[in-house]
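The values are calculated or read from the model by the stated rules, or taken from the named source; none is laboratory data. Small disclaimer: the values here were computed from a predicted structure and weren't measured. Virtual Cβ from ideal backbone geometry, glycine too; neighbours counted across all protein chains shown. SASA here: full protein model, heavy atoms, side chains in, ligands and nucleic acids out. Shrake-Rupley method; radii C 1.70, N 1.55, O 1.52, S 1.80 Å.
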There are 2 protein chains.
Amino acid sequence: MAKEYIDIATLKYLLYDVHQLKDVLKQDRFSDHDEASLNMFLDSVKEFSDRELFPYFKEMDEKPAHYKDGGVEVHKQVEVMMKKGGEMGLISGTFDYEAGGLQMPMMMLTASAFIQDAANNHLPGYAGLTLGAAELIINFASKELNDTYVPKMLAGEWGGTMCLTEPQAGSSLSDVATKAIPQDDGSYQIKGQKIFISGGDHQYAENFVHLVLARIEGAPAGTKGISLFVVPKKRPDENGNLISNNVTTVADFQKMGQRGYCTTHLDFGDNDDCKGFLVGKPHQGLKYMFLMMNGARIAVGRGAAAIATAAYHASLEYAKERPQGRKLASTGKKDPEQGQTFIINHPDVRRMLLLQKVVSEGSLSLVLLASKYYDLKETLTDKEEKKKYELLLELIIPMVKTYPSEMGAQAVSNGLQVLGGYGFCSDFILQQYYRDIRIFPIYEGTTGIQSQDLLGRKLLLEDGKALQLLSEEMTQTIKNASKYDELQKYAVKLGEKLKEVSGTIQHLVSFAKKGDYERYLSDATPFMEYMSIVTLAWVWLDMAAHAKYALLTGDKNYSDEFYESKIHAMRFFFKYELPKTDGLASILKDEEVLTIADEKEVFI
Amino acid sequence: MAKEYIDIATLKYLLYDVHQLKDVLKQDRFSDHDEASLNMFLDSVKEFSDRELFPYFKEMDEKPAHYKDGGVEVHKQVEVMMKKGGEMGLISGTFDYEAGGLQMPMMMLTASAFIQDAANNHLPGYAGLTLGAAELIINFASKELNDTYVPKMLAGEWGGTMCLTEPQAGSSLSDVATKAIPQDDGSYQIKGQKIFISGGDHQYAENFVHLVLARIEGAPAGTKGISLFVVPKKRPDENGNLISNNVTTVADFQKMGQRGYCTTHLDFGDNDDCKGFLVGKPHQGLKYMFLMMNGARIAVGRGAAAIATAAYHASLEYAKERPQGRKLASTGKKDPEQGQTFIINHPDVRRMLLLQKVVSEGSLSLVLLASKYYDLKETLTDKEEKKKYELLLELIIPMVKTYPSEMGAQAVSNGLQVLGGYGFCSDFILQQYYRDIRIFPIYEGTTGIQSQDLLGRKLLLEDGKALQLLSEEMTQTIKNASKYDELQKYAVKLGEKLKEVSGTIQHLVSFAKKGDYERYLSDATPFMEYMSIVTLAWVWLDMAAHAKYALLTGDKNYSDEFYESKIHAMRFFFKYELPKTDGLASILKDEEVLTIADEKEVFI
């Protein structure tokens, strides 16, 4: 195991200096918080993660969650995560005081959970899904459901889950088939199967509160016939005693990674004795669920950024300590009489490490930015401003979920490569990060689905208003950065890219306008990559501009080297990552249609 | 498990039609072989792989090779692989008749091993390394060593290994420290540690013949002081009885993938009773080893191509059978009343499958081409022609090792993604391919090392003669393809790229000329990617030109759809893969120097 899994200075730099948490703390909702108190909170989370999460990371992989005797057995730290996490406010932190929360900004939740994810990505999900489920109840369900379920959830005594996916439907929620049959007592009888339910069962919670998408008998087909239900594993009887609610754990999926985080297959109502309680109004289930989705997608991006970060630190540590080979002499030869050098001094190793750095820190910056948009759209009172951040959030959210997941996986792969043969060995931790992160481009909406969301929905939002707002934000950064001689050239580059993006989008949108949606969306995934890289170039230019500002004004919280390293990383991104957009633009403008199914069999 | 792991028609098409095995069969050495007999051989290998390799693929992952009581326990199919494989000529196939071989072309070895690798990549390595070790003995060692060791190895009774890597040296062979102390009887006392020794020990071989790099006492430092030794696990005593040779198996590395293929840590001579027998002359060890390296690197590229191929077939099968979602209507909406479609009909899934197809079939074509060069340089009698193929082989070999490994891993990742959540689950096979293939960019020289070989050595070979020859080959294909209207546009594109490559190389070489070798080589890995993509574009254009020829002349062995699908795949490569070179060219020409170590700390 490596000694460190994050750089807390970079996290705080991004939170306070680059993304100016204080803009958020100004809002009434957060008036009890200040940087000092939040700093203490972050430090306590780091301390908790050092002690309770990180040391069990490898062990949880080696002794995975598994099905046993009708239930799921998980590692003992799951109990610590839930109960201690509950006490510390890791579940309820962002909730209203009246719901038992601390009214913390989303930016803090993200920063805090980032630390936990980096320490041990198998654990925070148990708390995170409980949070999500509680949030749905708090926002949309009756007082009675709130009183019955929420307090135990926020305390980490009861687990919460989201039950969307079904075996026959996969990502296609319009095909959800779980049935809800109205009962005389106002409840519903639930019957159906849900798969891939994270944190769906284990020995450390007395009860589980499942938030289940189901179709009330007679509801219309498709997504508009889906309702949301609270379906507990155990329901209170008339005396308040918990009795079985006929929710059966059928299996725990064994997986390539995140093996400590259970992934269950649940059966609801095989004996026709499973009660569900409607949340909000009938047929509005998907709407409610999707109001929570932004938070969930920030969480996925954050988790992937965290794994990439931890992998970066592990491979960096190795590269600094491992002697191997020699530096090239000016003859182009190596002198065997010379002592070995550390591998961090080989340019190719530095290139791999720098890629990890720009991906992991860039991703973290992106998820913090999204969290800031989230906080502002939730708390600003000016309607137009509120709308602005809502649109910005909607637009970037698919990238926030996808970029850290996809590029994080590549970054971790670089980290593994830094270790050579050892990277592939179970005794070293890189291979675990490599396996763990591979789920991130899949869950909470695959990369393909996020890409269609970005191109097919978000880009067209309010006639392209969201995109216009994002361009304005980028243009502002370009203006700021242009003030500094050293950054001017990069500012110009980003400006040119922005123009190119606009042309590329016009080209694509012309297909939508002609009604050729299949063509329009057929290259959504390359478009996602294209747009994300430009967005990350912006994120990095912004980080570099803040660093330059600190260096020039002397308004510094960190060493000169710290700021210089951020500028160096920005230059790396512009040299090695941004040029990928050249090829992507040419894919997106290519006239050939090669991926739309027709009569021809192309797979032989 | 999928039903199929390769498409034998594509393999035969590449072997006979595209790469014209008959050019090779014309050579005297192969006069006993013809297409019919080789076809029968291939069919028997396929039948063997279907029966003895593929069915055990998952089980070998689930019950990995492991250390036990001083030895390594492997799956029982290892015995079948070795003994049956020995009988079938899978070890000795390419060897001279007088060495007990069948004088088959390398092209056939590649095709045959490709089938086996695709069926179960954990097994063929046991035979492959035995082959490599035997080849070294046959080519460079004394008659006595040949007589003592080779026959048992070719029969699959004794295993063979290559022992290069040491714990303190890693990839840096100049730091090999294993000692060889001359003895009065002409043998050497060997003392040292070797790690990552594939197939180094197991219960199914009576003996192991290790080919060990070591340093004779007093030898010069660096690679020029390294000698090669035969070091058996058991040596014959004066009566010919096998006695222990003090080779101890210290451990079997547990790994993320290829878990059925043992990876041992061997200790030589901890009791000062380990005898080694010099192969050839002192201090020539690395030269001998590297003469075998081309074969080994073709084998790695082939293995990666094979895994990518098997993963492609597994995900293709899933995509054809899995209903999910609907096709987009011209309104841009989906109609929930409409029946579900199979996921293969979604453009994004087709894009992922087509990437797998172009990578796996393109890689296979590349390794067969390298094998053809190998056969021609070995058997042609005209000195200039012989030299030509030797140079072509030397130039492409780093790409042959690297492209299938790196892009194969990405292709498999796409395959996993096609299955969504199931792709991540242990019950499905994609995750195993994903784990298995990750070692390929590491062993037999990492991607970084291959890239330095390509740019630092091969490109400069004989004043760039090799590169000139490759350009001529590409130009010939461009000329051929230009004859067909449908292909002209792609031929033109490749021609333009070729010009660009030449400019990019000139730019890079200017650093070498100035003596700035560190700068010259600092972007060797992006250069590898750049050069490989152009090479693959050529490989695909060649495949498409052959397909077009067949369609137009009617000289067909396969259906029209088969040929059309190859042309479609070429177009896919040109649209989606070739444009990556735009960005790579700009990286390679960028003036910024960001990865060469200096005084600044950039990793904070």
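So what's the projected area for segment B:162-274, the Cα convex hull averaged over all directions, in nm²?
7.6 nm²
Which value in nm describes the separation of the simple spin-label points at B:K513 and B:Q168, placed 7 Å from the Cα toward the beta carbon?
4.3 nm
Using alpha carbon centroids, what distance separates segment A:526-553 and segment B:361-388, in Å?
Segment A:526-553 and segment B:361-388 have Cα centres spaced 48 Å from each other.
For A:Q506, which inter-copy label distances result when the label point lies 7 Å beyond Cα on the Cα-to-Cβ vector, reported in nm to one decimal and in ascending order?
Its label point is 3.5 nm from the equivalent points in the other copies.
How big is the C-alpha Rg of segment B:138-225 next to the rule-of-thumb value 2.2 N^0.38 Å, as a ratio?
For segment B:138-225, the normalised Cα radius of gyration is 1.18.
If you average the C-alpha positions of segment B:245-293 and of segment A:69-118 separately, how far apart do those two centres end up, in angstrom?
51 Å
To the nearest 10 degrees, how steep is helix B:77-88 against the longest Cα principal axis of chain B, on a 0 to 90 scale?
90 degrees
Over chain A, what is the relative contact order in percent, taking alpha-carbon pairs closer than 8 angstrom and at least six residues apart?
12 percent
Please work out the Cα center distance from segment A:406-450 to segment B:1-32, rounded to the nearest Å.
Taking the Cα centre of segment B:1-32 as reference, the centre of segment A:406-450 is 36 Å away.
Tell me the Kirkwood hydrodynamic radius of segment A:65-185 in angstroms, computed as one over the mean inverse distance between distinct C-alpha pairs.
Evaluated over segment A:65-185, this radius sits at 16.0 Å.
Helix A:465-482 versus the longest principal axis of chain A: what is the Cα-based angle in degrees, 0 to 90, to the nearest 10?
Tilt relative to chain A: about 30 degrees.
Could you give, in nm with one decimal, how far A:F290 is from each other copy of that position, shortest first, with labels 7 Å out from Cα toward Cβ?
Distances to the matching label points in the other copies: 6.2 nm.
Going 7 Å from Cα along the Cα-Cβ axis for the label, what nanometre distances separate B:E599 from the same residue across the other copies?
7.3
What aspartates and glutamates does B:K152 reach when the alpha-carbon gap must be under 12 Å and sequence neighbours fewer than 8 apart in one chain are set aside?
Leaving aside aspartates and glutamates fewer than 8 places away in the same chain, those within reach of B:K152 are B:E87, B:E206.
If exposed means no more than 13 neighbouring beta carbons inside 10 Å and the site is in a DSSP loop, what's the longest run of chain B without any exposed GluC sites (Glu not before Pro)?
B:338-590
Can you give the helix-only mean residue ellipticity at 222 nm for chain A, where every DSSP H stretch with n ≥ 4 adds -39500 (n - 2.57) and the sum goes over all residues, rounded to the nearest 500 deg cm²/dmol?
-17000 deg cm²/dmol
Calculate the translational D of segment B:1-92 in whole µm² s⁻¹ from Stokes-Einstein, where the hydrodynamic radius comes from the Kirkwood formula applied to all Cα pairs, the temperature is 10 °C and the viscosity 1.306 mPa s.
D = 100 µm²/s.
With a 1.4 Å probe and all protein chains left in place, how much accessible area per residue does the protein assembly as shown have, in Å²?
35 Å²
Please work out the Cα convex hull volume for chain B and give it in Å³ per residue.
Given the Cα convex hull of chain B, per-residue volume reads 185 Å³.
Which value in Å does the Kirkwood hydrodynamic radius of segment B:454-591 take, with 1/r averaged over all unlike C-alpha pairs and then inverted?
The answer is 16.0 Å.
With the cut-off at 21 Å, tell me which of the pairs A:K3/A:K83; A:K191/A:K233; B:K387/B:K499 have Cα atoms farther apart than that.
Over 21 Å Cα-Cα: A:K3/A:K83; B:K387/B:K499.
What whole-number value in cubic angstrom gives the convex hull volume per residue for the C-alpha atoms of the protein assembly as shown?
Spread over its residues, the Cα hull of the protein assembly as shown gives 167 Å³ apiece.
In the structure shown, do any of A:K333/A:K575; A:K334/A:K497; B:K388/B:K497; A:K497/B:K600; A:K497/A:K548; A:K76/A:K224 have a Cα-Cα gap over 32 Å, and if so which?
From A:K333/A:K575; A:K334/A:K497; B:K388/B:K497; A:K497/B:K600; A:K497/A:K548; A:K76/A:K224, over 32 Å: A:K334/A:K497; A:K76/A:K224.
Keeping the other protein chains in place, figure out the carbon and sulfur percent of the accessible area of the protein assembly as shown, with a 1.4 Å probe.
C and S fraction of accessible area: 49 percent.
Would you list the P(r) distribution for segment A:64-127, with all Cα-Cα distances sorted into 10 Å bins from 0 and each bin expressed as a whole %?
All Cα pairs, binned at 10 Å, distribute as 21, 45, 24, 10, 0 percent.
So what's the angle, to the nearest 10 degrees on a 0 to 90 scale, between helix B:124-140 and the longest Cα principal axis of chain B?
Around 60 degrees separate the two axes.
On the first, second and third principal axes, largest extent first, how far apart are the outermost C-alpha atoms of segment B:364-416 in Å?
48, 14, 10
Given segment B:8-284, what whole percent of its Cα pairs are spread farther than 36 Å?
Taking all Cα-Cα pairs of segment B:8-284, the fraction more than 36 Å apart is 18 percent.
Bin width 10 Å, alpha-carbon pairs only: give the P(r) of segment A:323-479 as whole percents, running from 0 to the bin holding the largest distance.
Pair shares across the bins are 10, 26, 26, 18, 12, 6, 1, 0.
Please give every one of the lysines within straight-line cross-link reach of B:K383, meaning a C-alpha to C-alpha distance under 28 Å, and leave out same-chain neighbours fewer than 8 residues apart.
B:K22, B:K26, B:K281, B:K287, B:K372, B:K401, B:K458, B:K465, B:K479
Between A and B, buried accessible area summed over both sides at probe 1.4 Å, in Å² to the nearest 100?
That pair of chains buries around 9200 Å² in total.
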